[in-house]
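The values are calculated or read from the model by the stated rules, or taken from the named source; none is laboratory data. Computed from a prediction, not measured in an experiment: that's the story for all the values here. Every residue, glycine among them, receives a Cβ derived from its backbone with ideal geometry; neighbour counts consider all protein chains shown. The accessibility values were calculated without ligands, DNA or RNA, using every heavy atom of the protein model including side chains. Shrake-Rupley method; radii C 1.70, N 1.55, O 1.52, S 1.80 Å.
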Amino acid sequence: MITTEPRMTNLFLQLGLDASAEGIARFIADHQLAAGVEVANAPYWNEAQRQFLAESLQADAAWTTVVDELNEALHEAAVKAATGL
């Protein structure tokens, strides 16, 4: 049973990362992914983080929406490059 509301700040806390607004923005800016890299396969996650992200997506868990939001944010540069924006 999940006792923590799935939000971006709580996802960052779950991953053991700086969950402040500045920390989240900095992480996203500094860790952009190439178009073909899935969020759970990013090279900077440790095994526990990778497993949590992968399981959240596969199980269509309560965290899925927030992990999808993180995925989109981490691919923002790749999307802009692909669309010429």
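Just a few scattered comments:
- Kirkwood Rh in Å, taken over all unlike Cα pairs in the chain: 13.3
- Label point distance in nm, ASP18-GLN51, each placed 7 Å from Cα along Cα→Cβ: 2.8
- Solvent exposure of the chain, expressed per residue, is 62 Å² of accessible area, with all protein chains present and a 1.4 angstrom probe.
- Rounded percent of accessible protein surface that carbon and sulfur make up, the range 1-42, 1.4 Å probe: 53
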